[in-house]
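Here the structure is laid out as structure tokens; the discussion comes afterwards.
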Amino acid sequence: MTDLTKLSLADARKGLVDKSFTSTELTSAYLGAIEAANPSLNAYVAVTADQAIEMAKASDGKLAKGQGGSLEGIPLGIKDLFATKGVHTQAASHILDGFKPEYESTVTSNLWRDGAVMLGKLNMDEFAMGSSSETSYYGPVVSPFRAEGSNANLVPGGSSGGSAAAVSAWLCAGATATDTGGSIRQPAAFTGTVGIKPTYGRCSRWGTVAFASSLDQAGPIARTVEDAALLMTSMSGFDPKDSTSVDMAVPDFAAAVERGVKGLTIGIPREYRMEGMPAEIETLWKQGLDWLVAEGATVKDISLPHTKYALPAYYIVAPAEASSNLARYDGVKYGLRVSGKDITDMYELTRAAGFGREVKRRIMIGTYVLSAGYFDAYYVKAQKVRTLIKKDFEDAFNAGVDAILTPATPSAAFGIGDEALAADPVAMYLNDIFTVTVNMAGLPGIAVPAGKDGQGLPLGLQLIGKPFDEETLFAAARVIERNADMDFSPKPWW
Amino acid sequence: MSVDAATVKRMARLARIRIEEDEIASYQGELNAILGFVEQLQEVNVEGVEPMTSVTPMTLRRRDDLITDGGFAEKIVSNAPLSEDNFFMVPKVVE
């Protein structure tokens, strides 16, 4: 029998509907793969095997009668940031020790409504703060990829590194992820997977642990563009419980995948041609554009003049919102408590023990930029710059651009415990240089694997779309995926 | 702008995070690296620019002023490190 874990989500769905195999068989195959791989990859922080089999059996009952939702019986991994009722939900932080919510996030509720099966909770950077999935309390996620001829461990990117590693190493058919500055797209690019951050407001944030509320969006990571589209359709939708959720019909994203790019205008922003960018990234970018042009798209050189200010503005806005959102972790209502001589002592000791270094650093920066006397100079200034960044994109779209093509990351994956990056927080932040603008402007962005570097590591391209036009991104990403026509799966060493 | 050791201590206090004396210098270095990086925003001309308050143009929805949820105190305290009779228990705060 073929290895069921190697099927795309779309093919698994066909096999289930055709009764070639059952969800119980498919789910068991994934649970076996997780058991074998997780000691090496550390992608899952909790495996919900019994619950998975129970959900799979329920799906099999429906499938046997020719019923079931669009994801009936499909086993998924869930980022530890999503509240899952009665199941480990800790944002990979020590401060949420033992937290098992009494409620389910809207995004995961939507997936279960459509029949999906939960395999477990996926590792990530603590509170989604990081670009390497090394800041987790549960230890770093290890990428399933290694450079040719090397046995050194690489990072899968972050913060959704567990999601990306699990999807690429066949430990789930697809995964949920979240993206505040690039946390879906950068790990997808590092692991040869497809990741989309939809337009702000497309997915409900209700029940997702908050990092920076004006930037956070959920989205899927999957092995193909079509799989990502299938997941996106299920995850999206209006939710009255999130005041920024947009009341708009959700298209059938999968129906847009084969639409092609004929007649589309693709913008190439000159500011994304960074000094010192590796030649292979430049080549990849050109190659992607050539593929789109060969299939009928036209090119337009554009300028997004405030691009270089997106990352510095982000490192004011995101920590400011994080310092406010993370004020709730005080040892009173849930999670870790460290006793002290009085209540303030208890707060301080709990937060000192419960948060990791990167989280503390960002809370401190956020506290500083919001403090009396500095608020206007930092936070208000950054929000004004954000208005300008958004206007750059609006000008491009008003000038007839349908989507913008850029590299997804400035390099391929780097090593775990990289000393230069550990010594300089800003160097790590530069990983998000091509992705963070999209969050600042609330736009949709997709990362799609397009090539490999000289060491055989995956490289991705990013497409940025108009608000609520994820369909064009799926269509254009599919053209790149089809033309790349490359095997982006890792060579198992684990 | 850069922060000194006293400011680092004050921020830690405001954020309710205990930091030890021997940690101050490294936090100070890291915070100053980040503040140095964001300093480049000073060169952007933002005259007449409105600060962003909502990334998608929308007005906040209103709903009827009705009780739509509640009545599950035991669920709310179910994850508390310490609770009694559906109340959170904390060290004494009023003398």
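Taken together, the values in this text are just the output of simple stated rules run on the coordinates, not laboratory data. The structure displayed is predicted, hence computed values, not measured ones. As a convention, Cβ positions derive from the backbone with ideal geometry for all residues, glycine included, and neighbour counts pool all protein chains shown.
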The rounded separation in angstrom of the Cα centers of region A:447-494 and region A:248-293 is 10 Å
Report the one residue of A:LEU96, B:THR68, A:PHE375 whose Cα lies farthest in the direction of the positive end of the charge dipole of the protein assembly as shown (charges on C-beta: Lys and Arg +1, Asp and Glu -1; origin at the Cα centre).
B:THR68
Which whole-percent values make up P(r) of region A:4-253 when all C-alpha to C-alpha distances are grouped in 5 Å steps starting at zero?
1, 8, 15, 20, 21, 17, 10, 5, 1, 0, 0
Computed over chain B: longest principal axis from alpha-carbon atoms vs helix B:21-38 long axis, angle to nearest 10 degrees, is 70 degrees
Of B:ILE19, A:ASN325, A:ILE363, which is farthest along the charge dipole of the protein assembly as shown in the positive direction, counting Lys and Arg as +1 and Asp and Glu as -1 at C-beta?
A:ASN325
Which length gain, in nm to one decimal place, applies between A:SER324 and A:GLU280 when the Cα-Cα distance is subtracted from 0.36 nm times their residue separation?
11.8 nm
Assign unit charges at the C-beta atoms only (+1 for Lys and Arg, -1 for Asp and Glu), then state the dipole size of chain A relative to its Cα centre in Debye, rounded to the nearest 20.
540 debye
Quick calc, region A:4-253, dipole around Cα centre from Cβ unit charges on Lys, Arg (+) and Asp, Glu (-), nearest 20 debye, gives 280 debye
Taking the number of other C-beta atoms within 10 Å as the exposure measure, put A:SER132, A:SER28 in order starting with the fewest.
A:SER28, A:SER132
If A:TRP493, A:TRP285 are placed from fewest to most neighbouring beta carbons inside 10 Å, the sequence is A:TRP493, A:TRP285
Anyone know which of B:GLY48, B:GLY70, B:GLY36 comes out most mobile in the 10 Å Cα GNM of chain B?
B:GLY70
Here the gain from full extension of A:THR344 to A:ALA294, 0.36 nm per residue of separation minus their alpha-carbon distance, amounts to 11.6 nm
Using a ≥ b ≥ c from the Cα gyration tensor of chain B (square roots of the eigenvalues), is it rounded, prolate or oblate, where a/c under 1.5 gives rounded and otherwise the larger of a/b and b/c decides, a/b for prolate?
oblate
Please report, to one decimal in angstroms, the Kirkwood hydrodynamic radius of region A:53-188 built from all distinct Cα-Cα pairs.
15.4 Å
Based on the alpha-carbon gyration tensor of chain A and its eigenvalue square roots a ≥ b ≥ c, which shape applies: rounded if a/c is under 1.5, prolate if not and a/b is larger than b/c, or oblate?
rounded
Arrange B:TYR27, A:TYR378 by Cβ neighbour counts within 10 Å, fewest through most, would you?
B:TYR27, A:TYR378
Given a Förster distance of 35 Å, the FRET efficiency implied by the Cβ-Cβ spacing of A:ALA255 and A:ALA49, rounded to the nearest 0.05, works out to 0.50
Residue-span extension gain [A:LYS62 to A:ALA427] - 0.36 nm each, minus C-alpha spacing:
126.3 nm
Using only Cα atoms, tell me the angle between helix B:5-14 and the longest principal axis of chain B; keep it within 0 to 90° and round to the nearest 10.
20 degrees
Positive-pole candidate from A:GLY68, A:ALA43, A:THR27, dipole of region A:1-114, charges at beta carbon:
A:GLY68
Hey, can you grab everything whose amide H is under 5 Å from the amide H of A:VAL117? Only 5+ residues off in sequence or another chain; H modelled, so Pro and N-termini drop out.
A:GLY73, A:ILE74, A:LEU76
Under a 5 Å amide H to amide H cut-off, with H placed in plane at 1.01 Å, what residues pair with A:ALA46 once short-range neighbours are removed?
A:LYS121
Please identify which residues in region A:210-232 have an amide N closer than 19 Å to a label point set 7 Å out from the Cα of A:MET248, following the Cα→Cβ vector.
A:214-220, A:229-232
